[in-house]
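Asker: Input: one structure, supplied below.
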Amino acid sequence: MKRRIYAINNPIAKLLLLLGNRGAGWGPNCAWYDGDMPYEQIGLTVNHEIIHLIQQIEFSPVEDKWTWRGYFLWLVAYLWEEITKERGKNKFEIDAYKNQHDINNRTPKAWCKV
């Protein structure tokens with residue numbers, strides 16, 4: 001699967017995309033990051049957002065393929081975590097932060113084990 005990650009440098013686009021507090025955000029089968037962020041931070045941010053894309057695929061009913069259904073199911077689960085858990089306890093974010101340094105050794109569905 002081709003992962004689509006975009007650097008955003010336009011200030012109006014940044015506002016419209018509502019990039020997260022760390023300068024990145026995700027959408028259906030794609031992610032964005034602030035093109036003005038420090039170079040050292042870009043690699044970790046891209047890995048973090050790729051993990052969210054992988055999580056979307058893990059929710060898909062079709063194995064190893066991104067689908068709208070998988071995205072919707074993941075989005076509902078992600079938002080449920082955000083609403084019901086205290087700050088910093090979202091298992092999808094914990095998984096992404098824990099594995100952003102070494103994305104290749106992330107176990108499938110690591111968010112289940114958080």
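The values are calculated or read from the model by the stated rules, or taken from the named source; none is laboratory data. What you see is a predicted model, and the numbers here were worked out from it, not measured in a lab. Cβ coordinates were reconstructed from backbone atoms using ideal geometry, including for glycine residues, and neighbour counts include every protein chain displayed. Remember, those area values only see protein heavy atoms, side chains included, never the ligands or the DNA or RNA. Shrake-Rupley method; radii C 1.70, N 1.55, O 1.52, S 1.80 Å.
Asker: Run through the range 73-114 and list the GluC sites (Glu not before Pro) located in a DSSP loop whose Cβ has at most 12 other Cβ atoms within 10 Å.
Answerer: Within the range 73-114, the qualifying GluC sites (Glu not before Pro) (loop, at most 12 other Cβ atoms within 10 Å) are Glu86.
Asker: For the chain, treating each Cα as an identical point scatterer without solvent, what Debye log10 I(q)/I(0) comes out at q = 0.16, 0.24 1/Å?
Answerer: For the chain at q = 0.16, 0.24 Å⁻¹, log10 I(q)/I(0) is -0.75, -1.51.
Asker: How large is the accessible surface per residue of the chain, computed with a 1.4 Å probe and reported in Å² as a whole number?
Answerer: On the way: 7380 Å² over 114 residues.
Per residue, the chain has 65 Å² of solvent-accessible surface.
Asker: Counting helices only, and only those DSSP H runs with n ≥ 4, report the 222 nm mean residue ellipticity of the chain as the sum of -39,500 (n - 2.57) divided by its residues, in deg cm²/dmol to the nearest 500.
Answerer: On the way: 4 runs with 53 residues, N = 114.
That comes out to -15000 deg cm²/dmol.
Asker: In the chain, what percent of the accessible surface is made up of carbon and sulfur (1.4 Å probe, ligands and nucleic acids excluded)? Could the numbers behind the result be given before it?
Answerer: Details: 4190 of 7380 Å².
The computed percentage sits at 57.
Asker: Contact order normalised by length for the chain, with contacts defined as Cα pairs under 8 Å and 6 or more residues apart; what percent is it?
Answerer: On the way: 136 pairs, mean separation 23.4, N = 114.
Reported relative contact order: 21 percent.
Asker: Here's something else I'd like to know. Select from the chain the helices, each a whole stretch of DSSP H, whose alpha-carbon atoms run 18 Å or more along the helix axis and whose Kyte-Doolittle mean is at least -1.0; answer none if there are none. Before the final figure, lay out the partial values.
Answerer: On the way: long enough: 39-58 (29 Å, 0.05); 68-84 (24 Å, 0.40).
The answer, listed by residue number, is 39-58, 68-84.
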